[in-house]
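Below: one structure, written as structure tokens.
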Amino acid sequence: MNTNDTSLASRTANDFSADKMEFAADVIAGLSQPRKSLSCRWFYDARGSALFEDITELPEYYPTRTETLILRAHAEEIAARTKAGSLLVEYGSGSSRKTEILLSAIASLAAYVPIDVSDAALEEARVRLAERMPDLRVFPVVGDFLAEIDLPKDLARRPRLGFFPGSTIGNLTRSAAADLLHTMGLRLGSSSRLVVGVDLVKDPAVLVPAYDDAQGVTAAFNLNLLTRINRELDGDFDLDQFRHEAIWNAGESRIEMHLLSLRAQRVHILDKTFEFGAGEHVHTENSHKYSLDDFTALARRAGYRTLDRWVDDKSLFSVHDLVFDPA
């Protein structure tokens, strides 16, 4: 990487919001590593969120429809364990479509608190829920999973049910996943519950197409990160010179998404210059897969007891109902 003498802070202080400053710093740090990477947290601008919704409807992408079937089959059991007057706090809510299953089943909720990095997705969900469930109080929070929740005083001390669907937990390493679950438990409160969607280990012939579909929607989703860098950070990526790849890493039990540089090339971002070799990979996302027992053990390390765990009839996906009970 070559740079000039202008610092990132001085270049962007007057031009960018705090969020864009963080985006810029993260991108530059990731591309400055010997093995280049970009964080999947930046996938979800408005177009990225829309593309992900398209992915969830693809025939190859089994997680969304399978988790939805499990939730429909067991929503009443989840509702029966939920205290009256609880808040439903969802981490990485996206469109909140699966959440409607729980919102419909739990009649005694005090409010729904969706947390997501995409304000566009939150607004779309808020408008839709206002039409379908006009009596439901909704308090969207734009931010990461551990964003502070600023709630009205009458809701601040309510019991909380956490919801973490979509196997988003799989984006993290196992140690980071345990840390995140523990911190969620501390934020939700002692004896709180957390319902988590977890993708299961299976044949790579099923896994890889789910992340590299025939229509190229996942490729567009991955490449859109470069479009966002071009738009927001004055980048000059040539998208035709990068290709999406999904790889099964058996040793780490995860699908990896990469962007492959098709030739030797130079890319500018703000005042930085980055060199890419022909065939060089930029690692953009991990999606770790678990066995049932492996995830149950991880949840135990994070301070949870497992109340129940459900699997579809093809053993593709699982949903775990946990209670935070640290020793």
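Values quoted throughout were computed directly from the atomic coordinates according to the rules given, and no laboratory measurement underlies them. Here the structure is a predicted model, which is why all the values come from computation and not from measurement. Cβ: placed from backbone, ideal geometry, glycine included. Neighbour counts: every protein chain shown.
Between the beta carbons of residue 176 and residue 263, assuming R0 = 35 Å, the FRET efficiency works out to 0.55 to the nearest 0.05. Restricting the calculation to Cα atoms, the range 276-321 yields a radius of gyration followed by a Dmax of 16.3, 50 Å.
So what is the 222 nm mean residue ellipticity for the chain from helices alone, if each DSSP H run of at least 4 adds -39500 (n - 2.57) and you divide by all residues, rounding to the nearest 500 deg cm²/dmol? If you can, show how the numbers build up before the last one.
Values: 11 runs with 121 residues, N = 327.
Using -39500 (n - 2.57) per qualifying helix, the result is -11000 deg cm²/dmol.
So what is log10(I(q)/I(0)) for the range 90-153 at q = 0.15, 0.21, 0.26 1/Å, when the Debye sum runs over its Cα atoms only? Results for the range 90-153 at q = 0.15, 0.21, 0.26 Å⁻¹ read -0.41, -0.82, -1.22.
Could you give the length gained by full extension between residue 46 and residue 81, i.e. 0.36 nm per residue of separation minus their alpha carbon distance, to one decimal place?
Working: separation 35, 0.36 × 35 = 12.60 nm, distance 3.55 nm.
So the extension gain works out to 9.0 nm.
Would you mind classifying the range 11-116 by shape? Square roots of the alpha carbon gyration tensor eigenvalues, ordered a ≥ b ≥ c; an a/c under 1.5 is rounded, otherwise it is prolate if a/b is larger than b/c and oblate if not. Judged from the Cα gyration tensor, the range 11-116 comes out prolate (a/c at least 1.5, a/b above b/c). Taken along the Cα-to-beta-carbon direction at a fixed 7 Å, the label points for residue 53 and residue 20 span 2.5 nm. Let me know the shape class of the range 118-158, please: from the alpha-carbon gyration tensor, a ≥ b ≥ c as square roots of the eigenvalues, rounded when a/c is under 1.5, otherwise prolate if a/b is greater than b/c, or oblate. Oblate shape, in that a/c is at least 1.5 and b/c is the bigger or equal ratio. Excluding residue 110 itself, what net charge comes from residues whose Cβ is under 12 Å from its Cβ, given Lys and Arg +1 and Asp and Glu -1? Neighbourhood net charge equals +3.
Per residue, the average separation of C-alpha pairs within less than 8 Å and at least 6 apart gives the range 39-150 a relative contact order of 25 percent. For the range 193-266, the set of GluC sites (Glu not before Pro) satisfying both a DSSP loop assignment and a count of at most 14 other C-beta atoms within 10 Å is given as 252. Residues with beta-carbon under 13 Å from that of residue 283, excluding residue 283: net charge, scoring Lys, Arg +1 and Asp, Glu -1? Its environment carries a net charge of -2. Distance check, please: which entries in 98/314; 36/272; 289/314; 98/202; 20/98 exceed 26 angstrom between their Cα atoms? Correct reply: 20/98.
Wrap a convex hull around the Cα atoms of the chain, take a quarter of its surface area, and give that in square nanometres. Write down the numbers at each step before the final one.
Numbers: hull surface 70.3 nm².
Directional mean of the projected Cα hull area for the chain stands at 17.6 nm².
Out of the range 9-89, which GluC sites (Glu not before Pro) are coil in DSSP terms and have no more than 11 other C-beta atoms within 10 Å? In loop regions of the range 9-89 (DSSP not H, G, I, E or B), the sparsely surrounded GluC sites (Glu not before Pro) are 57. Rg over Rh of the range 165-274, using C-alpha atoms and the Kirkwood radius, what does it come to? When Rh is taken as the Kirkwood radius, the ratio is 1.07. Local charge for residue 124 was computed over the other residues whose Cβ lies under 15 Å away, with Lys and Arg +1 and Asp and Glu -1, and equals -3. From the alpha carbon centroid of the range 249-309 to that of the range 192-220 is 13 Å. Model label sites at residue 202 and residue 327, defined 7 Å from Cα along the beta-carbon direction, differ in position by 3.5 nm.
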